[in-house]
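Visitor: First, the structure itself, so that you have it in front of you.
The values are calculated or read from the model by the stated rules, or taken from the named source; none is laboratory data. For clarity, every value in this text was computed on a predicted model and none was experimentally measured. Cβ coordinates were reconstructed from backbone atoms using ideal geometry, including for glycine residues, and neighbour counts include every protein chain displayed. These accessible areas exclude ligands, DNA and RNA; they are computed on the full protein's heavy atoms, side chains included. Shrake-Rupley method; radii C 1.70, N 1.55, O 1.52, S 1.80 Å.
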Amino acid sequence: MGIENAFGDSFISTRLNEAINWARKWSLYPMPFGTACCAIEFMATVGSHYDMARFGAEVVRFSPRQSDLLIVAGTVSEKMAPVLKRIYDQMCEPKWVISMGACASSGGFYDNYATVQGIDRIIPVDVYVAGCPPRPEAVLTALIKIQEKIDSKQAPAAQTA
Amino acid sequence: MTDTSAFPDLLKARFGEAIESSYVDAACTFVVVRRDTIVPAGRFLRDEHGFDLLADLTCIDWLERVPRFDVVYNLYSIANRTRLFIKAPVPVEDPAIDSMTPVWKSANWFEREVWDMYGLRFTGHPDLRRILMYDEFQGHPLRKDYAINERQPLIPENLPPGDRIPV
Ligand code: SF4
């Protein structure tokens, strides 16, 4: 019953890194770094209605050591900044980062004494998502953009920063 | 909510000169108490008028006014369904007031927050540390003379060209 049956006696060829990238792209393990309201919207994205599982990224890990996609969803305070940096550093390569929402991308409307003005001041970011909070469709689009980036063999921001 | 208009006179009868003024705003009674009498006044209201809950304790920075700060106590009596505000003015030259923790335990974290945000010391507080900001933080961010966006990063940040953090 396996896929082999479909090929009969024939075979397909590919390049190793393409096969690996294909596997990576359909099995991203997200690590949610949820610090504010955007995290609630992220839950909606993973929930059954929008169902991130359709893109192979449903296994949300709460350990950075088991994840390759960091989704920063929420306001990051200066007090939290070292924590975010450490979590990012603990993730194994290759790794990708989505900055979800106005706060994570730019500090949002919190131009104050406590808030980091965008997580790209601390860690490299691959895809920014606009919105306050972004709709689940926007988060899924960001995930698809990450998949495209993996497909295109572009290096993750982690390796070019 | 029960009528609270009698409390200014009740407090004046008990503490005399130490009750500076009183007024009604937004259907609530406010009594301004000299800061050296704030703890006895709190204990009196708790023991004899059933204010068993310190619902909130906060601070106002009036910047130009002398004395500059007001510490505001939001008292509630669960049995009588009565809310009463007492306030104590505190000058910036000596930003200290007695801790309310012996009367209401809930004052503990509220006072830590006021210390953290406004830099008022609460004499007799069991553990007066910052509660929201990190220990490395310099100054008290809700003081009106603290620049609103003066950030104090804990780790180095990559700044976009032309950007700066005022220090
Ligand atoms: S961008 Fe908006 S929704 Fe998202 S964390 Fe900031 S304030 Fe909340």
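To keep it simple, each residue is scored yes or no on (1) more than 10 Å from chain A (Cβ to nearest Cβ); (2) open to solvent by less than 30 Å² (accessible area, probe 1.4 Å); (3) closer than 19 Å to residue B:39 by Cα.
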{"position": "B:89", "(1), (2), (3)": "yes, yes, yes"}
{"position": "B:109", "(1), (2), (3)": "yes, no, yes"}
{"position": "B:133", "(1), (2), (3)": "no, yes, no"}
{"position": "B:150", "(1), (2), (3)": "no, no, no"}
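Visitor: Shifting gears a bit: For the stretch A:25-75, which residues satisfy the criterion of being closer than 24 Å to residue A:154 by Cα, in contact with a Leu (Cβ under 8 Å, 6 or more places away or on another chain) and of a type in the set (Ser, Thr, Tyr)?
Guide: A:29
Visitor: Within the stretch A:46-71, work out how many residues are under 24 Å from residue A:22 (Cα atoms) and either open to solvent by less than 70 Å² (accessible area, probe 1.4 Å) or touching a residue at least 60 places away in the same chain (Cβ under 8 Å) (or both).
Guide: 17
Visitor: Considering B:26, B:41, B:18, which residue is more than 26 Å from residue B:145 (Cβ to Cβ), more than 13 Å from the chain's Cα centre (by Cα) and surrounded by fewer than 14 Cβ atoms within 10 Å (Cβ to Cβ)?
Guide: Working: B:41 fails: surrounded by fewer than 14 Cβ atoms within 10 Å (Cβ to Cβ); B:18 fails: surrounded by fewer than 14 Cβ atoms within 10 Å (Cβ to Cβ).
None of the others qualify; the one that does is B:26.
Visitor: If you don't mind, there's one more thing I want to ask. State yes or no: is residue B:100 touching a residue at least 12 places away in the same chain (Cβ under 8 Å), more than 11 Å from chain A (Cβ to nearest Cβ) and assigned to a loop (DSSP other than H, G, I, E, B)? Steps first, answer last, please.
Guide: On the way: touching a residue at least 12 places away in the same chain (Cβ under 8 Å): yes; more than 11 Å from chain A (Cβ to nearest Cβ): yes; assigned to a loop (DSSP other than H, G, I, E, B): yes.
So residue B:100 fits the description; yes.
Visitor: Follow-up. Are any residues in the stretch A:21-45 open to solvent by 30 Å² or more (accessible area, probe 1.4 Å) and among the polar types (S, T, N, Q), and if so, which ones?
Guide: Matches in the stretch A:21-45: A:27, A:35.
Visitor: Among the residues of the stretch B:65-79, which ones are among the charged types (D, E, K, R) and surrounded by fewer than 17 Cβ atoms within 10 Å (Cβ to Cβ)?
Guide: Looking only at the stretch B:65-79, we keep the residues that are among the charged types (D, E, K, R), and these are B:65, B:68, B:70.
B:65 - this is the single residue of the stretch B:65-79 that is among the charged types (D, E, K, R) and surrounded by fewer than 17 Cβ atoms within 10 Å (Cβ to Cβ).
Visitor: If you don't mind, there's one more thing I want to ask. For residue B:124, all conditions in the list (1) open to solvent by 10 Å² or more (accessible area, probe 1.4 Å); (2) under 26 Å from residue B:147 (Cα atoms); (3) in contact with a helix residue (DSSP H, G or I) (Cβ under 9 Å, 6 or more places away or on another chain); (4) not β-branched (Val, Ile, Thr) hold save one; what is the number of the exception?
Guide: (2)
Visitor: Ok, one more. Please determine, by comparing only the residues of the stretch A:112-161 that are assigned to a loop (DSSP other than H, G, I, E, B), within 16 Å of the ligand (Cβ to nearest atom) and out of contact with any strand residue (DSSP E or B) (no Cβ under 9 Å at 6 or more places or on another chain), which one is nearest to residue B:155 (Cα to Cα).
Guide: Pass one, the stretch A:112-161, residues assigned to a loop (DSSP other than H, G, I, E, B): A:112-114, A:116-118, A:122-126, A:130-135, A:152-156, A:161.
Restricting the remaining residues to those that are within 16 Å of the ligand (Cβ to nearest atom) gives A:112, A:114, A:116-118, A:125, A:130-135.
Then drop every residue that is not out of contact with any strand residue (DSSP E or B) (no Cβ under 9 Å at 6 or more places or on another chain), which leaves A:112, A:117, A:130, A:132, A:135.
Numbers: A:112: 17, A:117: 13, A:130: 26, A:132: 26, A:135: 31 Å.
If we take residues in the stretch A:112-161 being assigned to a loop (DSSP other than H, G, I, E, B), within 16 Å of the ligand (Cβ to nearest atom) and out of contact with any strand residue (DSSP E or B) (no Cβ under 9 Å at 6 or more places or on another chain), then A:117 is nearest to residue B:155 (Cα to Cα).
Visitor: Next up: Can you find a residue in the stretch B:53-64 that is in a loop (DSSP other than H, G, I, E, B), open to solvent by 10 Å² or more (accessible area, probe 1.4 Å) and touching a Leu at 6+ places or on another chain (Cβ under 9 Å)? Don't jump to the end; show me each part of the working.
Guide: Applying the first criterion (in a loop (DSSP other than H, G, I, E, B)) to the stretch B:53-64 yields B:62-64.
Filter once more, so that each one left must be open to solvent by 10 Å² or more (accessible area, probe 1.4 Å): B:62-64.
Subsequent filtering for residues that are touching a Leu at 6+ places or on another chain (Cβ under 9 Å) retains none.
No, because not a single residue in the stretch B:53-64 is in a loop (DSSP other than H, G, I, E, B), open to solvent by 10 Å² or more (accessible area, probe 1.4 Å) and touching a Leu at 6+ places or on another chain (Cβ under 9 Å).
Visitor: Across the stretch A:95-111, which residue is nearest to the ligand (Cβ to nearest atom) among those that are part of a loop (DSSP other than H, G, I, E, B) and within 14 Å of chain B (Cβ to nearest Cβ)?
Guide: The initial filter retains those residues of the stretch A:95-111 that are part of a loop (DSSP other than H, G, I, E, B), namely A:95, A:107-111.
Now narrow it down to the ones that are within 14 Å of chain B (Cβ to nearest Cβ): A:107-111.
Numbers: A:107: 9, A:108: 4, A:109: 7, A:110: 8, A:111: 13 Å.
Taking the candidates together, the pick is A:108.
Visitor: Could you tell me which numbered condition residue A:60 fails, if it satisfies all but one of (1) over 17 Å from residue A:27 (Cα atoms); (2) away from the ligand (no atom under 16 Å from the Cβ)?
Guide: Status for residue A:60: all satisfied but (1).
Visitor: Okay, next question. Output the qualifying pairs, or none if there are none: Cβ atoms under 8 angstrom, residues six or more apart or on different chains, first residue in the stretch B:25-36 and in contact (Cβ under 8 Å) with a residue 60 or more places away in the chain, second residue charged (D, E, K, R) and open to solvent by 60 Å² or more (accessible area, probe 1.4 Å).
Guide: From residues that are in contact (Cβ under 8 Å) with a residue 60 or more places away in the chain, the pairs are B:35/B:98; B:36/B:98.
Visitor: Could you grab me the full set of residues in the stretch A:37-94 that are within 14 Å of chain B (Cβ to nearest Cβ), over 22 Å from residue A:160 (Cβ atoms) and outside any loop (DSSP other than H, G, I, E, B)?
Guide: A:77, A:82, A:83
Visitor: Additional query: Specify the residue that is most open to solvent (accessible area, probe 1.4 Å); the eligible residues are those in the stretch A:73-94 that are within 14 Å of residue B:132 (Cα to Cα) and more than 12 Å from the ligand (Cβ to nearest atom).
Guide: In this case the residue turns out to be A:79.
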